[in-house]
Amino acid sequence: MDTDKNSNISIQAKIVRQLINIATSDHLIGLGIKKGTFRRRMVEPPWKCPSGYSLLKVRMKKFDMELLSPPEVNSGCVVLQLHGGGYIGKMRNVYRSFAKYYSDMRGGIKVLTIDYRVAPENPFPAALEDAVAAYKWLLGLGYKGSDIIVAGDSAGGGLSLALAMYLKDHQESLPAALVLMSPWTDLTASGSSYETNYENDPLFGNTRESMIYNGEYIGANEPDNPYISPLFGDFKGLMPMLFQAGSVEMLLSDSTDAAKKAEEAGCNVKLHVYDGMFHVFQMGLDLMPESKQAWQEVKEFIESIEEPV
């Protein structure tokens, strides 16, 4: 595992961090962002599919999915993307942009993004059930587990790990690899960074009312259930995984502790902590050198996965 020790961050990243600080500082607007209430009522314009790409909308029994295909498909693999949002936010346009980024890897790869059910109306195990259903849908199309790369950020990163553990526990074919951006792996909030980064995190810090403490997804279940908090699960036998996290986020230990357990279990693990970065800074896409570097790292990781015969 390697950790970025460079203390210098780009001007663009400093500006974005300052904007986050400003947006979350107001007692009304800021708390709404931290608690996630803005995520629930956010209204966005229709996403415009880039020229040459095609977007197929798929309606499942309990949720919807979108399959993005690039102009040329040169890979037999597929990416299953599980979006973030604290298990309370539905899919947003930024994840459609994420799908575009993934689709340009491996010379052209299809990407399935699912709009899984969220809390409080649909607490655990709804999101996991939908992730399993989407995975089996891909198997039904003829993909093998070794053809599927699961990628997720924040809650979607934790859900990706939970999905892998569920599939292993139920003797299902396992995915080829996991891409985990600032994964939320510990809903007990027991990691050291919940304290050490409490005043540093521009998004979730300085309040105990943020959505990482609200427990809406947990419902009546125990928060250390491995399918809720995969940090407490068995990592033995899991696939290669890439963890990316920011050094100032409260969820930093969710990545470092999970990566350590996975490595101790014999998994192929890469962990990169980006100095000075915040939660899911990859949303900066091409706007920040750090996010560009992170996406390049994801590209190299995904393209290092051996193409199934």
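Tabulated values for the structure
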item: Odd one out for Arg106 among (1) open to solvent by 40 Å² or more (accessible area, probe 1.4 Å); (2) in a helix (DSSP H, G or I); (3) of a type in the set (D, E, K, R); result: (1)
item: Residue count, region 175-211 (criterion: out of contact with any helix residue (DSSP H, G or I) (no Cβ under 6 Å at 6 or more places or on another chain), farther than 22 Å from Glu290 by Cα and open to solvent by less than 10 Å² (accessible area, probe 1.4 Å)); result: 2
item: In region 263-309, the residues that are open to solvent by 60 Å² or more (accessible area, probe 1.4 Å) and at pLDDT 95 or above; result: Glu263, Glu264, Gly266, Asn268, Lys270, Lys292, Gln293, Gln296, Lys299, Glu300, Glu303, Ser304
item: Residues located in region 129-145, provided they are assigned to a helix (DSSP H, G or I), closer than 18 Å to Leu56 by Cα and open to solvent by 40 Å² or more (accessible area, probe 1.4 Å); result: Lys136, Trp137, Leu139, Gly140
item: Near pairs, Cβ below 9 angstrom, 6+ apart or cross-chain, from region 51-75 (modelled with pLDDT under 95 and part of a strand (DSSP E or B)) to any residue that is open to solvent by 40 Å² or more (accessible area, probe 1.4 Å) and β-branched (Val, Ile, Thr); result: none
item: Whichever residue in region 107-133 is in contact with a Ser or Thr (Cβ under 9 Å, 6 or more places away or on another chain) and of a type in the set (A, V, I, L, M, F, W, C) and, among such residues, is farthest from Ile228 (Cα to Cα); result: Ile109
item: Count of region 42-56 residues which are open to solvent by 70 Å² or more (accessible area, probe 1.4 Å) and closer than 14 Å to Lys110 by Cβ; result: 1
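A quick yes/no check of all residues on (1) closer than 30 Å to Arg17 by Cα; (2) acidic (Asp, Glu):
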{"residue": "His170", "(1), (2)": "no, no"}
{"residue": "Met181", "(1), (2)": "yes, no"}
{"residue": "Asp186", "(1), (2)": "yes, yes"}
{"residue": "Phe204", "(1), (2)": "yes, no"}
{"residue": "Ile228", "(1), (2)": "yes, no"}
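The values are calculated or read from the model by the stated rules, or taken from the named source; none is laboratory data. Please read these numbers as outputs of a predicted model, since none were measured by experiment. Virtual Cβ from ideal backbone geometry, glycine too; neighbours counted across all protein chains shown. To get the accessible areas, we keep the full protein, side chains included, count just its heavy atoms, and leave off ligands, DNA and RNA. Shrake-Rupley method; radii C 1.70, N 1.55, O 1.52, S 1.80 Å.
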